[in-house]
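Structure, as structure tokens:
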Amino acid sequence: MNTGFTFNEIHQQPAMWRKELQALLSKKAEVSAFMHRYLTPDTDIVLTGAGTSAFIGDAICPIMRGMWRNVRSVPTTDLITHSAYLLDKERPLLLVSFARSGNSPESVGAVNLANKLCKNVAHIYITCNKEGKLALQAEGKENILLLLLPEETDDKSLAMTSSFSTMLLTCLMLGHIDTLEKDVEMIEKAVKNAEAVIADYEEKLKEIASRPFERGVFLGSGALKGIAEECHLKLQELTDGAVVCKFDSFLGFRHGPKAVVNDKSIVVYLMTGEESIERYERDLIKQVDGNNKPVAQVIVIAGEAPQLPGVKADLVVKMPYGMKENEFYGVLPYVLVGQLLGYYASLAHGLNPDAPSVSGNIHRVVEGVTIYE
């Protein structure tokens with residue numbers, strides 16, 4: 001068995017999700033009290049992070065708006081340069097910071113800016129590193145809720161995998177914190193689906209990743225657009241840019257971005273399992289298939305195989321325990337498809353998935369950023 005960090009960090013995710021569920025259940029009273037203290041109907045809730053950590057907010061917002069009316073996703077990389085436009089200093093602010101290490105300059109800088117600009121600020125730090133600057137900064141602060149994830153999720157590899165999915169799960173659980181016990185069965189479904197992706201489809205994903213493609217496209221609707229965003233980065237960074245990737249919604253892809261698809265492409269469709277949405281997704285898949293051959297196509301779905309007469313998919317990934325995209329935790333297992341494709345494509349390009357950046361352009365913790373006053 002491969003013992004590299006990336007391999008292990010991808011495969012440990014189901015166990016980490018179970019572990020984090022138990023950790024949050026054990027501190028439910030404390031977390032619930034904090035949420036009730038600082039979450040009002042007028043609170044501006046901003047989900048923030050940089051890179052992969054920012055994509056957590058993009059995936060969560062469509063799910064969380066049913067409970068947190070004023071939630072939005074704003075990357076720290078935008079807050080640093082445009083905080084005066086993006087933060088309302090008169091409204092109460094709950095800044096939810098996602099950070100694997102908690103040491104990136106933008107993570108700390110965004111928190112400091114919010115504290116300076118806004119009159120009424122509370123923070124939730126969801127981070128994997130107890131020694132990180134964010135975690136250490138939280139000590140003794142009444143207006144900061146620190147949620148430290150299992151130590152194993154502080155991914156040692158360059159690419160974020162278990163850190164991404166476990167931070168995403170943690171924030172979803174915050175939305176149901178008062179009734180979290182009722183979600184145990186639903187979370188276990190997501191865990192079992194993730195285990196099934198690994199057990200049933202890893203070898204085929206490995207074979208597809210070994211093919212000589214140069215472009216990757218990931219499409220998703222709603223919350224799955226955020227998952228597609230994360231998948232596109234995994235494949236691109238793990239191949240050190242040898243595979244250039246895009247992401248979009250199914251409908252948005254028609255409006256120009258579809259031009260990138262050629263015979264050196266792989267297209268991954270993350271389907272919702274929701275008929276009212278899937279009818280649009282099916283139309284796009286049939287159009288791409290009709291206009292572009294050969295294209296490697298991977299279709300990831302929640303339930304039964306979609307009715308796509310005439311469309312030949314190289315792989316159809318089914319979630320055997322059901323769960324549609326809109327079933328709160330249902331999006332979690334989808335990310336493993338992009339992670340596994342990225343991992344095996346990295347090996348196929350002769351790279352070390354733990355440190356794929358031969359060019360030195362990217363680092364585990366971003367370098368070279370100065371935060372100006």
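Tabulated data
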read-out: Wholly within the range 68-146, strands (runs of 3 or more DSSP E) carrying at least 2 residues that are at pLDDT 95 or above, outside the structural domain of Ser162 (by TED's automatic domain parsing) and crowded, with 21+ Cβ neighbours inside 10 Å; value: none
read-out: Filter result for Gly252 (surrounded by fewer than 24 Cβ atoms within 10 Å (Cβ to Cβ), of a type in the set (Gly, Ala, Ser) and modelled with pLDDT of 95 or more); value: yes
read-out: Residue count, the range 225-271 (criterion: of a type in the set (Lys, Arg) and within 16 Å of Ser346 (Cβ to Cβ)); value: 1
read-out: Criterion (closer than 23 Å to Trp68 by Cα, out of contact with any strand residue (DSSP E or B) (no Cβ under 7 Å at 6 or more places or on another chain), surrounded by 21 or more Cβ atoms within 10 Å (Cβ to Cβ) and polar (S, T, N, Q)) met by exactly one of Thr179, Thr166; value: Thr166
read-out: Check on Glu202, under 22 Å from Glu229 (Cα atoms), in the same structural domain as Leu233 (by TED's automatic domain parsing) and either of a type in the set (S, T, N, Q) or in a helix (DSSP H, G or I) (or both); value: yes
read-out: Check on Ile60, closer than 24 Å to Asp155 by Cβ and surrounded by fewer than 22 Cβ atoms within 10 Å (Cβ to Cβ); value: no
read-out: Scan of the range 214-239 for residues that are assigned to a loop (DSSP other than H, G, I, E, B) and surrounded by fewer than 21 Cβ atoms within 10 Å (Cβ to Cβ), ordered by number; value: Glu214, Gly222
read-out: The range 16-40, residues that are of a type in the set (Gly, Ala, Ser) and without any contact (Cβ under 8 Å) to a residue 12 or more places away in the chain; value: Ser26, Ala29, Ala33
read-out: Meets criteria (among the β-branched types (Val, Ile, Thr), surrounded by 21 or more Cβ atoms within 10 Å (Cβ to Cβ) and assigned to a helix (DSSP H, G or I)) for Val191; value: yes
read-out: Complete set of residues in the range 257-296 that are among the aromatic types (Phe, Trp, Tyr) and buried (at least 19 other Cβ atoms within 10 Å of the Cβ); value: Tyr269
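For (1) touching a strand residue (DSSP E or B) at 6+ places or on another chain (Cβ under 8 Å); (2) in contact (Cβ under 8 Å) with a residue 40 or more places away in the chain; (3) over 24 Å from Asp155 (Cβ atoms), each residue gets a yes or a no:
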{"position": "Asp42", "(1), (2), (3)": "no, yes, yes"}
{"position": "Gly49", "(1), (2), (3)": "yes, yes, no"}
{"position": "Leu79", "(1), (2), (3)": "yes, no, no"}
{"position": "Leu87", "(1), (2), (3)": "yes, yes, yes"}
{"position": "Ser97", "(1), (2), (3)": "yes, yes, no"}
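The values are calculated or read from the model by the stated rules, or taken from the named source; none is laboratory data. In this text, all values refer to a predicted model and were calculated from it rather than measured experimentally. As a convention, Cβ positions derive from the backbone with ideal geometry for all residues, glycine included, and neighbour counts pool all protein chains shown.
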